[in-house]
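These notes are about the structure you will find just below.
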Amino acid sequence: FIQLLVRKLRGEDGESECVINYVEKAVKKLTLQMPYQLFIGGEFVDAEGAKTYSTINPTDGSVICQVSLAQVSDVDKAVAAAKEAFENGLWGKINARDRGRLLYRLADLMEQHQEELATIEALDAGAVYTLALKTHVGMSIQTFRYFAGWCDKIQGATIPINQARPNRNLTLTKKEPVGVCGIVIPWNYPLMMLSWKTAACLAAGNTVVIKPAQVTPLTALKFAELTLKAGIPKGVVNILPGSGSLVGQRLSDHPDVRKIGFTGSTEVGKHIMKSCALSNVKKVSLELGGKSPLIIFADCDLNKAVQMGMSSVFFNKGENCIAAGRLFVEDSIHDQFVQKVVEEVGKMKIGNPLDRDTNHGPQNHEAHLRKLVEYCQRGVKEGATLVCGGNQVPRPGFFFQPTVFTDVEDHMYIAKEESFGPIMIISRFADGDVDAVLSRANATEFGLASGVFTRDINKALYVSDKLQAGTVFVNTYNKTDVAAPFGGFKQSGFGKDLGEAALNEYLRIKTVTFE
């Protein structure tokens, strides 16, 4: 009752409804209501100078709507709102269990709006609707529920130290939120990547400024609306669609931002890390590029290896950070494996991502489609065998054919660089030569994920031990879970999303000693 009274005196009671301007669109018997403005301090507002840009539907290349384009001054306003909410707002005063209750409520609202969120994801990112519902949105809901449960379980320790006799000492540690966090997310899983980082960030008690990818802002802005409905105090969550060079750079440079969480390319990650160091030595976690090896031994369940091998490459149109960037197939089953894969590729239904029978939608945006065409041209030029695909699908929109390359040698560009598209890269290895294929699999500067298919448990344990990657899948692939930590080695970055480990990215430990 007292909290309700205080909120009313502050003018924060739920009856003072926020004014939200929507773009409305009728899609598949559903009327979508999509906010399109910046979200700062609990309000939807225009960008400085009323600047906007077009967000494009990759299925046909049409403009969905105009979205506010954040400027540097907007970043400063959002950071100021987040700082005020952290230092003086209700968010920092409520107890951890109430914070968890708000996050549970947010997850419930996301579930109530899951069909709308999945449809927006299909419209704005080209995600196949059935996959968007189950993974893009479904795992986002699970993530918020998982971290909501952690809110009142973040605790320190009491530590026995040497006593300064005759006095006695008590030392304890406290885990505290770091403050204002900046989160910069990619375009391949717009809502899910937002959720992976934001849920842990909020569970730890921080406030946040989120920069969604410029090409996929709409689910992030719908998420902002749901935070209002959930009762999350104003200023706790702020969302700024805009360019990385302006918004992302200013967040990295801003003296009041204490942590940056970034998912994207290794090149940009290095730049962010440098900016975080030079500005105010921000805490930073990076989930960067990958070229994940998948080793398929002759003693595997071949049908399962084909099925999972297909998923490892073509899941989410190949726009998947842990996609198997290179398959190593043992010589004795190589030809049979390739034959079965090509048969399965022929069965894939390419089409409108909103159609329930589609299993391969358009690439996210036109510039990415062009890169995939060039990538395949380079593979052919260097002597790899193009078995199928390799080109744009002759239809409107940004569709690319599922592609298979064989005879890929270690020195080739396509053997070393990530495509981030539906392109399977297959290389042979000699029968029984486990150490040689491990050496080839590890001969990369990336280390995000990896996989092995074999019925031999000893071989599986040996290979999983030797693979230099943050995740190893054995006789499966793409099996991530909200409770299992996720992150890379080497130039695939550092720090973890998901699991208890993710909380530590958004906490700092304070040691207190009494005498």
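Restricting to the stretch 142-161, and then to whatever is among the hydroxyl-bearing types (Ser, Thr, Tyr) and not in a strand (DSSP E or B), can you tell me which residue is surrounded by the fewest Cβ atoms within 10 Å (Cβ to Cβ)? By that ranking, first place goes to TYR146.
Quick one: in the stretch 184-239, which of the residues that are basic (Lys, Arg) and under 30 Å from GLU366 (Cα atoms) is surrounded by the fewest Cβ atoms within 10 Å (Cβ to Cβ)? My answer is LYS222.
Restricted to the stretch 276-305, and to residues that are open to solvent by less than 10 Å² (accessible area, probe 1.4 Å) and assigned to a helix (DSSP H, G or I), which residue is nearest to SER419 (Cα to Cα)? That would be ALA305.
Of the residues making up the stretch 443-459, just one is open to solvent by 10 Å² or more (accessible area, probe 1.4 Å), of a type in the set (Val, Ile, Thr) and over 12 Å from GLY325 (Cβ atoms), namely ILE457. In the stretch 46-54 there is no residue matching the filter, namely being among the β-branched types (Val, Ile, Thr), touching a residue at least 60 places away in the same chain (Cβ under 8 Å) and outside the structural domain of GLU366 (by the TED database). Among residues of the stretch 358-372 that are over 17 Å from THR216 (Cβ atoms), those with a Cβ under 6 angstrom from a residue that is aromatic (Phe, Trp, Tyr) and at pLDDT 95 or above, sequence gap 6+ or separate chain, pair up as LEU372/PHE400. So which residues in the stretch 28-63 are open to solvent by 40 Å² or more (accessible area, probe 1.4 Å) and under 25 Å from ALA82 (Cα atoms), if there are any at all? Within the stretch 28-63, TYR36, GLU43, VAL45, ASP46, GLU48, GLY49, ALA50, LYS51, THR52 qualify.
Determine whether the stretch 258-265 contains at least one residue that is out of contact with any helix residue (DSSP H, G or I) (no Cβ under 9 Å at 6 or more places or on another chain), in a loop (DSSP other than H, G, I, E, B) and of a type outside the set (D, E, K, R).
yes
Of note, ASP465 satisfies the criterion of being without any contact (Cβ under 8 Å) to a residue 60 or more places away in the chain and either out of contact with any helix residue (DSSP H, G or I) (no Cβ under 6 Å at 6 or more places or on another chain) or open to solvent by 70 Å² or more (accessible area, probe 1.4 Å) (or both).
Yes/no per residue for (1) open to solvent by 80 Å² or more (accessible area, probe 1.4 Å); (2) over 22 Å from MET34 (Cα atoms); (3) of a type outside the set (Ser, Thr, Tyr):
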position: ASP76; (1), (2), (3): no, yes, yes
position: VAL79; (1), (2), (3): no, yes, yes
position: LYS83; (1), (2), (3): no, yes, yes
position: ILE94; (1), (2), (3): no, yes, yes
position: LEU102; (1), (2), (3): no, yes, yes
position: ALA107; (1), (2), (3): no, no, yes
position: GLN112; (1), (2), (3): yes, no, yes
position: GLU115; (1), (2), (3): yes, no, yes
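The values are calculated or read from the model by the stated rules, or taken from the named source; none is laboratory data. This one's a predicted model, so the numbers in the text were calculated from it and none came from an experiment. Neighbour counts run over all protein chains shown; Cβ positions are idealised from the backbone, glycine included. We work out accessible area using only protein heavy atoms, side chains counted, and drop any ligands, DNA or RNA first. Shrake-Rupley method; radii C 1.70, N 1.55, O 1.52, S 1.80 Å.
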